[in-house]
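J.: Please see the structure below; I have some questions.
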Amino acid sequence: MENTVHVFEDSKSTAEAVAQRIFELAVNKSNKNDFFNMAVSGGSTPKQLFEVLAEEPYASSIPWQTIRLFWVDERCVEPTDSESNFGMTYDSLLHKHYIPVENIFRMKGEEIPADEIEEYSEILKNELPERNGFPVFDLILLGMGDDGHTASIFPNNLTLLKSEKSVEVATHPISRQKRITLTGKTINNADKVFFLITGSNKAAILSSIIKKTPESLKYPASYVGNYLNEVEFFIDKSASLKI
Ligand code: 6PG
C-alpha cells in the first residue's frame, strides 16, 4: 500500500482540499467529454465536504453535469430517515439540484437488503466500466470510523474485503442495523481512493494504519487502496497527532 498523507489545519480546510481535488478530477473528465463516476460515504466528515461543494466557488465552477453520483454504503432505512446517508447528502448538497437526477444512483435502503445488493450490483455493471471483473469508479471517497471501519465493512466482518460480490449486506456490530455496502474488491478497483479523516478520536488507529503496524490488520481501513494499491489520506492536524 502506497500511502500519500495530506495534513491540514482543521476539518474545514481538509474538506476544502478534497473539494478542490474533486473539482480538478471532474474538469479533467469533462474536458474529455466523459463522466466522472464518484462514490461517496456517509458520516459527519463527508457531510462537511458536501457543504463545501454546495457553495462558491464550487457551486458555479464544477461541471456538475459530468458528475454521476453513487454511494459507498447506505443504512437500511428510508431515505427520509435521519440515519440515511442519501438523506444527509441531499440535505447538504443534492437539494441544490446541481447534479441531474438521472445521474444520481441511490442505494435504496428501504428495499429488502438481499434484493437491493443484487439491484445495485446490476446498476454498477450497467453504468460503469469493468476491470478485473469489478466495476471501476473514478473516485471512491471514504471516511473511517473510530473503530477502523470504512464503508460498512466493520472489524468483525473482514470477509467483506474479499467477497466476490461488488455489493453486500453488512450489519453494524453494535446497533445490528443492516447496511448495504460496496465490498473491498470494488473499493480497491477504483482509479482513485481518498480517505477523509478528521478528529483526535481517529488519531491512534490512523497512526497504526499509516505506519502499517501489526495491529492495523484488525482495521478494515488498512486494507484499502486503489487498483494500483495507492491511497490518499486527507486529514486534519487532530487526526495526525500520533503519526
Ligand atoms: C457510514 C459511513 C462510514 C463513515 C465513517 C466516518 O455509513 O457510517 O459510510 O464509513 O464514513 O464512520 O464517519 P464520521 O466522518 O462521522 O466519523
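J.: Give, as residue ranges, the strands (runs of 3 or more DSSP E) completely inside region 97-196 that count at least 1 residues that are touching a strand residue (DSSP E or B) at 6+ places or on another chain (Cβ under 8 Å) and either of a type in the set (Ser, Thr, Tyr) or modelled with pLDDT under 95 (or both).
T.: Fully inside region 97-196 and qualifying: 167-171, 178-182.
J.: Consider only pairs whose beta carbons are under 8 Å apart and that are at least six residues apart or on different chains; among these, list those whose first residue lies in region 195-209 and is over 11 Å from Phe234 (Cα atoms) and whose second residue is within 8 Å of the ligand (Cβ to nearest atom) and of a type in the set (S, T, N, Q).
T.: Going by the 8 Å Cβ cut-off, the qualifying pairs are Gly199/Thr45.
J.: Counting only residues that are in contact (Cβ under 8 Å) with a residue 40 or more places away in the chain, within 14 Å of the ligand (Cβ to nearest atom) and of a type in the set (Gly, Ala, Ser), how many does region 153-194 have?
T.: Looking only at that region, the number is 2.
J.: I've got another one for you. Just to be sure before I move on: is Thr198 near the ligand (Cβ under 10 Å from one of its atoms), out of contact with any Phe, Trp or Tyr (no Cβ under 6 Å at 6 or more places or on another chain) and among the hydroxyl-bearing types (Ser, Thr, Tyr) in the structure I sent? Write out each step before concluding.
T.: Details: near the ligand (Cβ under 10 Å from one of its atoms): yes; out of contact with any Phe, Trp or Tyr (no Cβ under 6 Å at 6 or more places or on another chain): yes; among the hydroxyl-bearing types (Ser, Thr, Tyr): yes.
Criteria met by Thr198.
J.: Counting just the residues of region 139-152 that are more than 8 Å from the ligand (Cβ to nearest atom) and of a type in the set (A, V, I, L, M), which one comes out farthest from Ala221 (Cα to Cα)?
T.: Leu139
J.: Please specify each residue of region 109-128 satisfying the condition of being charged (D, E, K, R) and closer than 19 Å to Ile140 by Cα.
T.: Just the residues of region 109-128 that are charged (D, E, K, R), to begin with: 110-111, 115-116, 118-119, 122, 125, 127.
Glu122, Lys125, Glu127, listed by residue number.
J.: Continuing with the same structure: State which residue is farthest from Ser41 (Cα to Cα) when the search covers only region 72-96 and only residues that are in contact (Cβ under 8 Å) with a residue 60 or more places away in the chain and outside any loop (DSSP other than H, G, I, E, B).
T.: In this case the residue turns out to be Arg75.
J.: Still on this structure: Report yes if Glu215 is assigned to a helix (DSSP H, G or I) and among the acidic types (Asp, Glu), otherwise no. So that I can check it myself, show each step before the final result.
T.: On the way: assigned to a helix (DSSP H, G or I): yes; among the acidic types (Asp, Glu): yes.
Spelling it out, Glu215 is indeed assigned to a helix (DSSP H, G or I) and among the acidic types (Asp, Glu).
The values are calculated or read from the model by the stated rules, or taken from the named source; none is laboratory data. Worth saying up front: this structure is predicted, and the values here are computed from it rather than measured. A quick note on method: Cβ atoms are made from the backbone with ideal geometry, for glycine too, and the neighbour counts reach across all protein chains shown.
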